[in-house]
Amino acid sequence: MNPAVMIFAAFVGLVLGLSFYFARKAKSASGYFAAGGSVHWAVNGIAFAGDYLSAASFLGICGLIATKGYDGFLYSIGYLAGWIVALFVVAEPMKRMGKYTFADALDYKFNSKGIQLAAAISTLAVSIFYLIPQMVGAGILVTPLLGYEHWVGVTLVGVVVIFIVATAGMTSTTYVQFLKGALLIIFSSVLVVAILNKGLSTDPRGVQSDRVEEHVAVADMKAQGYAKQQEQALQANNKRTGEVEDLLIHGGKVFKYADQAGCVSWWLDHDGQLTKLPYKATTAEVQTQVIDKVTGEVIEGETSSNIINGIARKDDEMIGLSRIKTLPVDADGKEVTETGSLGPFEFLNILSDEQTEIEQWKPHRCVDGEDHVIVFTSNLVTGDKVMVSGRKFLKKVAEGKEDTFWDRMDFMSLMLALFCGTAALPHILIRYYTVPDAASARKSTILAIGAIAFFYVLTLFLGLGALAFEVVPENGNMAAPMVAKVFGVTLFAIISAIAFATVLGTVSGLIVASSGAIAHDLMDRYMGMNMSDEKKVIAGKLSAVGVGIIAIILGILFEKVNVTFLVGWAFAVAASANLPSIVMLLFWKKTTASGIVASIVVGTVTALGLILISPNIYDKVYNVDGSLALISFNNPGMISIPLSFITLVVVSLMTQKDAKAE
Amino acid sequence: MLHEPANQDTGPDHAADYKSSLGVKMFIIYALIYAGFVVINVIDPNIMKVKVVLGMNLAVFYGFFLIIFALLLALFYNMLCSKKEAELNSSNKSEGASK
């Protein structure tokens, strides 16, 4: 059995056992929704980390650092800074004011139907936006890591999480998150030690066949024989006739598919001078032989629609899209190809040196007839540019271009949303109800800050390790597991299993938050069903099953959709709709129920509205050129957050008389 | 399993106002330092290339500083809050008992 499957199965077995064990504690509403308020602050602190460090943190940030350098680390900085807001502003008041849900705290002095409805909807919106990428992520992870199909991964996570939540609610969820948080931090540390111990090299893997540029050489070698036959089969399949010479223009570059010096390939045409490029094409399924990526062994009788450098391949990913090409010379001015073991600061300093050259392969996605083609062009960048902002954010500013207002605005919006979003995520806030008192809420937040801070420092080394070790895959999100693979199958299996467990922990928290919003906020309070304790638990469990099934369906339906932007929606809505309400309720005595409702509605609508007309969504969701978008920035925080605050103040001032009358 | 019975009645928290006021002050300190990081980047990210401590460039140093400073500030906050809680809540309990 695959070792990753075995480790994951052991983890699932352990959490299911814990769920059974704790099921008896979840018979009351307090037991089910808030673990009876009896979780020790130390357990809650690590569970906070397990709840918060989702697949977006572990896989997304490492992937972004591996592909964009320091700009990915900005997320680590912003996400951690958000915990300062949670500790200094929200932690203790949330514990004092609330009972089971975020809406409880907002509504504690109003008993307003409007707040109950608006807060419940906002909780469900944020949770569903967060849930979809987690479920799709489970499906994406399961294929390369465990070898199953997408729907299997989604269903597996869904069923296990439904079981965890429906048996013992917040108690079992707490321990799943505690275990996952602890394992994630321990094994990420092990991986970082391994990375530093290996050091940096211009040929880190010593496996030439996996290098992107070597694919070109492979294509060369095969050009006279096997690859030629493959190309002929492809041309027949693609219904290409006559000369093989297609032209594509993408981003000002001209690519030519041509037979040149006996090699049929995609070429970069620069004023008539041709440079052969690595490429990948997805075409109609070809009845052909398939060559194994590593061994070069021909596997008979299979079909494939993935063509990499002219050869049909089983896998569909290019790997090794980044590597160190040149290391700084030593003190004697001699060339260095390998550093040996490094300390953490040495590692960072070499990677940020202007003499360090990093080669990255930039994808250009084009459509050629019925084929989807990605050609990769080499891009050389020095270390000093990789280790500052300017490769994803603030591009124009870093390059000294004019007209940089929206560039700057976008960056400020992102950093503001990261700062304000954390303390307003419902699935994080409900953890404050699981501890006995306000002091425990504070202490658990501080432990969470310590654990999360340590993990976010590790993300920089994990991401840069992937960048330096020539293992960055096309799907950058797989960078952390791929860097673990460099150190052997066992570490890869452990990291893969933890990546999968990461999804379990976060999804459990989201489903508990959603079931609380449905059973407690909507059914019991808003609809006035006044359920008994026992009925509320049954309603909570049924809601968890319902939300879990919906999550499975959405995870399968959204398989082919790029859903990472939904995490951005969740943060934008949380920061714009929820945080202004919490802050003003705590610090402004004139806040009214109408003001809170208006603030939630305006914050949600503005944040979502601006995102829907942003360049990123045009580009990735509507498949329309992002420059045609109605606005020129992607992050709405700089507009939606202040607008939500202003709305709350204005509406509260307008409704002072009504509030006094009530 | 560190899963203990909840405190049924922890009583009023006489240190709540102190903690709230301290929290706001510390939040402002951190927010200003965070804003400084954002502003330097917005003016020109290339400023962050300058080497500062232990060979680290300003970008890495400032990033690490924000992460580590958050933890230090949190620990300091907890120390002050715990001290005040012990002082105010115990003195109020003893006053209550003497009455």
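The values are calculated or read from the model by the stated rules, or taken from the named source; none is laboratory data. Source: prediction; values computed, not measured. Backbone-built Cβ (ideal geometry, glycine too); neighbour counts: all protein chains shown. Only protein heavy atoms, including side chains, enter the accessible area calculation; ligands, DNA and RNA are left aside. Shrake-Rupley method; radii C 1.70, N 1.55, O 1.52, S 1.80 Å.
Tabulated values for the structure
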{"read-out": "Helix axis angle, A:212-223 relative to chain A longest principal axis, alpha carbon, degrees", "value": "40 degrees"}
{"read-out": "Distant-in-sequence amide H partners of A:Val336 (H built 1.01 Å from N, under 5 Å)", "value": "A:Leu327, A:Asp330"}
{"read-out": "Dipole-positive endmost among A:Val193, A:Leu467, A:Gly546 within chain A (Cβ charges, Cα centre)", "value": "A:Gly546"}
{"read-out": "Helical mean residue ellipticity (222 nm; -39500 (n - 2.57) per DSSP H run of 4+; nearest 500) of the protein assembly as shown", "value": "-19500 deg cm²/dmol"}
{"read-out": "Share of carbon and sulfur in the accessible heavy-atom surface of chain A [1.4 Å probe, %]", "value": "59 percent"}
{"read-out": "Largest-first ordering by accessible area, 1.4 Å probe, given options A:Trp588, A:Trp406", "value": "A:Trp406, A:Trp588"}
{"read-out": "Region B:26-85 shape via C-alpha gyration tensor axes, a/c threshold 1.5", "value": "oblate"}
{"read-out": "Restricting region A:510-575 to trypsin sites (Lys or Arg not before Pro) in coil, as DSSP defines it, with at most 14 other Cβ within 10 Å", "value": "A:Lys560"}
{"read-out": "Dimensions (Å) - chain A, Cα atoms, principal axes, largest first", "value": "86, 59, 57"}
{"read-out": "Listing of region A:376-390 residues, each with accessible area lower by at least 50 Å² in the full protein assembly than in the chain alone (probe 1.4 Å)", "value": "A:Val388"}
{"read-out": "Relative contact order of chain A, defined on C-alpha pairs under 8 angstrom at six or more residues apart (%)", "value": "27 percent"}
{"read-out": "Entries of A:Lys253/A:Lys401; A:Lys27/A:Lys99; A:Lys109/A:Lys590; A:Lys253/A:Lys276 with Cα pairs more than 19 Å apart", "value": "A:Lys253/A:Lys401"}
{"read-out": "Length-normalised contact order of region B:26-85 in % [C-alpha pairs under 8 Å, at least 6 apart]", "value": "26 percent"}
{"read-out": "0 to 90° range, to nearest 10: angle between helix A:150-198 axis and chain A longest Cα axis", "value": "50 degrees"}
{"read-out": "Under 19 Å from the Cα of B:Lys19 - lysines, other chains or at least 8 residues apart", "value": "A:Lys95, A:Lys443, A:Lys589, B:Lys83, B:Lys84, B:Lys93"}
{"read-out": "Lys, Arg +1 and Asp, Glu -1 on Cβ, resulting dipole of chain A about Cα centre, debye, nearest 20", "value": "2980 debye"}
{"read-out": "Solvent-accessible area of B:Tyr62 with every protein chain in place, 1.4 Å probe, in Å² to the nearest 10", "value": "40 Å²"}
{"read-out": "Summed buried accessible surface, chains B and A, 1.4 Å probe, nearest 100 Å²", "value": "4400 Å²"}
{"read-out": "Rounded accessible area of A:Asp271 (nearest 10 Å², 1.4 Å probe)", "value": "150 Å²"}
{"read-out": "Global form of region A:309-429, assessed from the alpha-carbon gyration tensor, a/c cut-off 1.5", "value": "oblate"}
{"read-out": "Solvent-accessible surface (1.4 angstrom probe) belonging to A:Lys25, in square angstrom, nearest 10", "value": "70 Å²"}
{"read-out": "Gain upon complete extension [A:Met527, A:Ala182; 0.36 nm per residue less C-alpha separation]", "value": "120.2 nm"}
{"read-out": "Reachable lysines from A:Lys396, criterion Cα separation under 19 angstrom, eight or more residues apart if same chain", "value": "A:Lys68, A:Lys362, A:Lys385, B:Lys49"}
{"read-out": "Pairs of Cα atoms farther than 22 Å apart, region A:480-603, %", "value": "59 percent"}
{"read-out": "Sequence-distant residues sharing a close amide H with A:Leu200 (under 5 Å, placed H)", "value": "A:Thr339, A:Gly340"}
{"read-out": "Nearest 10 degrees, 0 to 90: helix A:113-146 Cα axis against chain A principal axis", "value": "30 degrees"}
{"read-out": "Per residue solvent-accessible surface (Å²) - region B:26-85, probe of 1.4 Å", "value": "44 Å²"}
{"read-out": "Measure of compaction for region A:430-553 (Cα Rg per 2.2 N^0.38 Å)", "value": "1.47"}
{"read-out": "Cα gyration tensor, region A:370-459 - rounded (a/c under 1.5), prolate or oblate", "value": "prolate"}
{"read-out": "Residue-normalised accessible area of region A:503-626, given per residue in Å² at a 1.4 Å probe", "value": "38 Å²"}
